[in-house]
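Quick notes on the structure that follows.
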Amino acid sequence: MSPNSPKLVLLPDSEHPPVPNASHVGRAPGDRNIRVSVILRRQKPLDIASLGGRQLTHEEYDANYGAAQKDFDAVKEFAQAHGLKVDEQKSSTARRRVELRGTVAAFNAAFGVELNDYESTAGWHKGKQFHAITGAVHIPEEMTDCVEAVLGLDNRPIATPKIVVNPNAAASTAGTFTPPQVAQVYNFPTAGNGAGQTIGIIELGGGYTPADITNYFQSLGLTAPTVTDVLLDGGTNDPTTPDSADGEVLLDIEVAGGVAPGAKIVVYFTTNTDQGFQDAISTAIHDTTNNPSVISISWGGPESSWSQTAINSMDSTCEGAAALGITITVASGDSGSSDGGTGDNVDFPASSPNVLACGGTALTASNGQRKSEVVWNDQASGGGATGGGVSTVFPLPSWQANAGVPVPADEEASAGAKVEGHAARKHHKKKTGSGHGSSGGATGSGTGTAATTGGRGVPDVSGDASPESGYNILVDGTQEVVGGTSAVAPLWAGLIALLNQQLGKNVGFLNPQIYPLGEGPFYDITSGNNGDYSAGTGWDACTGLGSPNGQALLTALKG
């Protein structure tokens, strides 16, 4: 194949949004070496609903839903024609990934883009330098049927950790909890400790020291869990200071381990890019060495900040986890119904219909007994609030059809109109009141790809997240009290490890199983709001179905 022979065409959904909160430095030097991941489509479509709850083995999945060898070979031929090298060790038909290495100039020519350098000017990423593109990615016309995404041409920071530190914790820890205390309040099963299970945790920065793990669990009177690191794409376990992303890493390990101390924990450290994020999830679900049965994610960003092709690829990866019987728990965000943007937004990957989205509450308890619980919202005093709302990207899943997910007025007027797969639909209106509305009579697959109207509602479940009723943790030798929906994802991951142990099998893709169960396995949260959405009886766009009654959920799943 001659470098001049392919006709380049636009890769659908690959337009990248403008780079926010960053200054333009200049064109990326042509001789700089970078790596780019070409993500291939499955050799045949994956329909979770058609599996009827059956969980695939890795061998069965790889044989049927990995990339076709001919597509893999086509990308390798394309790379060779453009002076790009294939990293065979990082490439895999099972993970549908071809990893390419080469210069900026070679990638600019190969994909019809222009890489520019930027520097972040605000937020968690201030001072971070990165390259990015605006506009779309282009690929050879003959590859349009096999390429799902091209990641790495743009390595802007894509996500933030969903953690909030209680600034008043030094004065008093009254009303705060250790993870085992939260598990007791939520009636988690006590017959097991998660032994035989592995909890995977995705981290896009930060680190921990073994001493923190040993000392923290010793303070709880527990044996520290085995914690293993998997380093990806230049990601490192790099602890620095308590006010860094270390707080996120330690929160995730200490909450998950505090709830299920018998489970092993594997931390997948990667770079804070869409390429690194997708690679970490893909690596975790195909990790047949560590075999995580549940994966916790406490990082994300508003749907509007992602390219649609990155959303598609990450959601498709999470769909693979659902097929393999691996549960993914994801924090829904800490900035209320706006998710830190203009109007109403939901956080991704929490908005993926293939994950369990976790919202936040403010919990009050006494002597291990739950007393009251409301929507977490400290925004009036300059704090945060649980994320939640309605996706503008993903249509209403069938398992949410009767949940009362709000439907925008323009959709209610044309409820029979078909919603197309993952086309971005920026049209959801603000909603106040009870947080309930017409479901639009949606029908479709278990992954939300064939609903008739409306969008995927976020979150699915919730748990204690207010920093005022937060979690006592140890970060870089410093005692802290923290909250945020970051705490809820590992809390639910620990619970799922306990459920898996007691059931003798993975609960897997939990969403279609829990929506028909009614209120029994949950503590329904009916008071409070997250901005434009209010709590109400049953599911709402603040706390989902509610916080967990662990033993009742175990009993319901047994039935």
Under a 1.4 Å probe, what is the accessible area of the chain per residue, stated in Å²? 35 Å²
Once both label points are put 7 Å beyond Cα along the C-beta direction, the Asp243-Ser366 separation in nm becomes 3.7 nm
Could you pull out every residue, at least 5 positions away or on a different chain, whose amide H is within less than 5 Å of the one on Val507? Hs are placed 1.01 Å off N in the peptide plane, and Pro or chain starts have none. Asn500
Burial order of peptide ranges 465-475, 234-244 (average beta-carbon count within 10 Å, highest first): 465-475, 234-244
To the nearest 500 deg cm²/dmol, what mean residue ellipticity at 222 nm is calculated for the chain from DSSP H runs of n ≥ 4 alone, each contributing -39,500 (n - 2.57), summed and divided by the residues? -6500 deg cm²/dmol
Stretch Thr223-Asn64 to full length: gain in nm at 0.36 nm per residue minus the Cα-Cα span? 53.1 nm
The chain - percent of accessible surface contributed by carbon and sulfur, probe 1.4 Å: 48 percent
Could you tell me the distance between the Cα centroids of region 297-364 and region 70-127, to the nearest Å? 25 Å
Under-5 Å amide H pairs with Gly200, H placed in peptide plane, nonlocal only: Val266, Ser293, Val294, Ile295, Ser296
Alpha carbon centre of region 537-559 versus region 135-206: separation in Å? 21 Å
By the mean-Cβ-within-10 Å protection proxy, highest first, 205-217, 391-403, 534-546 rank as 534-546, 391-403, 205-217
From the phi angles alone, apply the Karplus equation (6.51, -1.76, 1.60; θ = phi - 60°) to region 390-406 and give each ³J(HN,Hα) in whole Hz, x where the residue is Gly or Pro. 10, 5, 9, 10, 9, x, 4, x, 4, 6, 9, 4, 10, 7, x, 5, x
FRET efficiency, 1/(1 + (r/R0)^6) with R0 25 Å, evaluated for Lys44 and Thr288 via beta carbons: 0.70
Going by the alpha-carbon gyration tensor, a ≥ b ≥ c the square roots of its eigenvalues, is region 272-391 rounded (a/c under 1.5) or, if a/c is not under 1.5, prolate (a/b greater than b/c) versus oblate? oblate
Show me, for region 456-467, the HN-Hα J-couplings you get by feeding each phi into the Karplus relation (A = 6.51, B = -1.76, C = 1.60, θ = phi - 60°), rounded to Hz, glycine and proline as x. 5, x, 10, x, 8, 9, 8, x, 4, 9, 5, x
Integer Hz, Karplus 6.51/-1.76/1.60 couplings in order for region 345-351, x for Gly and Pro: 9, 10, 8, 10, x, 4, 7
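The values are calculated or read from the model by the stated rules, or taken from the named source; none is laboratory data. Just so it is clear, the model here is predicted, and its values are computed rather than measured. Counting neighbours? That spans all protein chains shown, and the Cβs are built from the backbone with ideal geometry, glycine included. These area figures cover heavy atoms from the full protein model, side chains too; ligands, DNA and RNA do not enter into them. Shrake-Rupley method; radii C 1.70, N 1.55, O 1.52, S 1.80 Å.
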